1. Which one is farthest from residue 545 (Cα to Cα), of the residues in the range 502-517 that are out of contact with any Leu (no Cβ under 7 Å at 6 or more places or on another chain) and small (Gly, Ala, Ser)?
2. Please enumerate the residues belonging to the range 359-388 that are in a loop (DSSP other than H, G, I, E, B) and in contact (Cβ under 8 Å) with a residue 60 or more places away in the chain.
3. Would you pick out the residues in the range 263-285 that are open to solvent by 10 Å² or more (accessible area, probe 1.4 Å), touching a residue at least 40 places away in the same chain (Cβ under 8 Å) and farther than 10 Å from residue 364 by Cα?
4. Among the listed residues 206, 196, 201, which satisfies the condition of being farther than 26 Å from residue 21 by Cα, at pLDDT below 95 and open to solvent by 40 Å² or more (accessible area, probe 1.4 Å)?
5. Residues in the range 279-314 that are small (Gly, Ala, Ser) and over 16 Å from residue 263 (Cβ atoms): how many?
6. Would you check which residues across the range 106-139 are more than 25 Å from residue 42 (Cα to Cα) and touching a Ser or Thr at 6+ places or on another chain (Cβ under 7 Å) and list them?
7. Can you list residue pairs whose Cβ atoms sit under 7 Å apart, with the first residue in the range 228-257 being open to solvent by 10 Å² or more (accessible area, probe 1.4 Å) and the second being of a type in the set (Asp, Glu) and part of a helix (DSSP H, G or I)? Count only pairs 6 or more apart in sequence or on different chains.
8. Can you find a residue that is closer than 23 Å to residue 237 by Cα, under 20 Å from the mean Cα position of the chain (by Cα) and not in a loop (DSSP other than H, G, I, E, B) anywhere in the range 118-127?
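The values are calculated or read from the model by the stated rules, or taken from the named source; none is laboratory data. This is a predicted model, so every value here is computed, not measured. We place every Cβ from the backbone using ideal geometry, glycine too, and count neighbours over all the protein chains shown. Surface accessibility is based on the protein's heavy atoms, side chains included, excluding ligands, DNA and RNA. Shrake-Rupley method; radii C 1.70, N 1.55, O 1.52, S 1.80 Å.
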Amino acid sequence: MTHDHDLVLRPTPAQIEAALNPPPGRTGGDLVVETLSGLGATTVFGLPGQHALGMFDALRRSPLRYVGLRAENNAGFAADAYGRITGEAAPLLLSTGPGALLSLAALQEAAAASAPVVAIASQVPAAGLGGGRRGYLHELRDQQASFRDVVKSVHTARTPSQIPSAIAAAWESALTAPHGPVWVEIPQDVLTAETTLPVVTAMDATPEDVVPRPELTAVAAHLLAHAERPVIVAGGGVVRSDASGKLRALAERIDAPVVTTFGGKGAFPWKHPLSLQSWLEDRHTTDFLEDADVLLVVGSGLGELSSNYHTFAPRGRVIQIEADAGKLESNHPALGIHADARLALQAILETVGERTDPTAPERVAAVLGRVRDRLAAQDLDLEQRVVAAVREALPARAPSFWDMTILAYWAWSAFDARHPNTMHSAQGAGGLGYAFPAALGAAVADPSRPVLAVSGDGGAMYSLAELATARQYGLDVTWLIVDDGGYGILREYMTDAYGEATGTELTRPDFVALAESFGVPGVLTTPGTLAADLAKSLATPGPSVVVLPALLRMFEPTHL
C-alpha cells in the first residue's frame, strides 16, 4: 500500500540546478524567512533586537511583509488578532531576553484564546545554551523554560540545517486544534552564519484533524434526540472551527435553545427564536442551563466566565465536545468527545433524529424577559445606551477588539456580534492593553473593513505608543477610549469588597491632543453623540481616536 507521505516528488532539472547553485550571501536568517514563505506566510510581526538582526536583515531579501510595533507584547497581541481573523499562523519575530520576555502576556492570551502564533526568537550564541553562564547580553539560564508553561510547544534550532524542520514542526503545532502559540528559538550565530544550503521551497506542515470517535457521537445524537429539555452552550471552538452553520442546523433540528459564551460571540444568531444570547453572568440563564436534562457544550471548557463564576451545577447529562483534551470533564462529568467542533457537529447531524418542541422559543423569550427586568431595576440606562450606540455605529461585518474594561464586560453579555469571528476580547487571559494593538493586527489581516478597538483609559495607557504604528502603516482602526479616571472595574470591585478603592485613580493625558500629536485625528464625544462620532470615524480611512468621558457601572453580579 502506498501512502501520501511515501510519495516523494522528483525535482526537475531546473530545480536541481537551483539547489546546487543557491544565491550567495544567504544566512540562517534567510532560512527562517524562506521557511515561513514556503509555509504560506505573507506577513510577520515583531521588533528587531541585537541577537535577532540576522532574521531582520533577511527580510530585505524576502517577499514577506513586516509590520513592526513599538513593544513586544503589543506585537504579540497584533499577531494574535491576525491569527484569529485569518485562521492562519501568525509569525512573531523577537529578540532575546527582555524582548522575548515582554511577549509573555500576549502569548498567554493567545494560548487562552487558541490563537495560532508562531513566535521565533533569537538566542545568545550557541556556546551559551544549556545554562553556561557566559555573560552574554540578554542571557537567561534557560530562556525557553520561561515560555514552556505558556505555549503549546517549544522548538530549538542549533544549526542552520535544523531551522526549516523546527519552524515547520512549530507551524503544524500552532495550527493543530486547538490552535495556540508556539515557541522557536535560534542562537544568534546560527542566524548570522552564512549558508550554502539550497533555498527553502514549499513546506508541508498540514495539521492532523482531531476527528471524533463515532460511537461517542452516536450516543450524543441519541441523547439529544430523546431529551425533554436539551440546551446547547456554544463556545469559542465553534467560531474557530467555522462551525456556526452546523451549530444552527443542529439547534433547529432538535429545537434546542443556544447560549454563546463570551469567546463564542456570533456563533449563533442573536435574534434567533432559540437564542439565549450571551447572558451567562445571570442567574436566570444559569437556572435555565441547570434545568436542562441534556446539555451539549461545544468548544468550551465551562471555565470561570462561562459558568457564572463556577456557580453553575448541571443536574442533567452533559455532552462536551472539545479539541483541547485537557479541558474534557475538567469542570463537570460529561460524555467527553475529543474533537474539532465542526467535525463533531457534522457527525452528530448525520445521525441525530428530528425533535420538535414548540415551547422552546417561549421558554427562551421568558428567560430573556427576566434578564431585561433584572437590568431595568438597576438604573443602567446609560450603559445600555452606550452599548447600543457602539452597535449602531459599527458595520455588521467589521471586527471589534475589546480591552478589559467595564464597557467590554457589558459587551460580553449584551453586544450582538452579528457574525462569527467579529468580536474579540482579552477575556482568555484577562490582561490589559490588548484591544488597540490587536485591532492593528486585524487591520493588517483584512484592510477591506474598518476595525474598532475599545479600551478604558487605564488600558489605553499600555498601548499609546502604537498610535505611531497605526500612523506609520495607515491602518484603518478607530480607537474608542472610555475615560473614567482610572481602573474603573477594579475601583468598583474594591469599593464593593472593602468599602473604598486603593491604587485605582490615574492621571491621564489629553487623549485627543495626544492622538493628534501622532497625526491621528481625535474627537471628544458624549453618550448622545457617540453613535454619530464613531460612525464618522469608522467611515473615514486611516486611524482615529474617539474619547468618551463617562463613569459606567456594572450590573449587579448574580453569583455571590
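1. 503
2. Matches in the range 359-388: 378, 380.
3. Those that are open to solvent by 10 Å² or more (accessible area, probe 1.4 Å), touching a residue at least 40 places away in the same chain (Cβ under 8 Å) and farther than 10 Å from residue 364 by Cα: 263, 266, 270, 271, 279, 281, 283, 284.
4. Among 206, 196, 201, only 206 is farther than 26 Å from residue 21 by Cα, at pLDDT below 95 and open to solvent by 40 Å² or more (accessible area, probe 1.4 Å).
5. Start the filter on the range 279-314 by keeping residues that are small (Gly, Ala, Ser), which leaves 292, 299-301, 303, 306-307, 313.
Okay, now just the ones that are also over 16 Å from residue 263 (Cβ atoms), so 292, 313.
Here the count works out to 2.
6. Residues satisfying the conditions are 124, 138.
7. Between residues of the range 228-257 that are open to solvent by 10 Å² or more (accessible area, probe 1.4 Å) and residues that are of a type in the set (Asp, Glu) and part of a helix (DSSP H, G or I), the close pairs are 229/291.
8. yes
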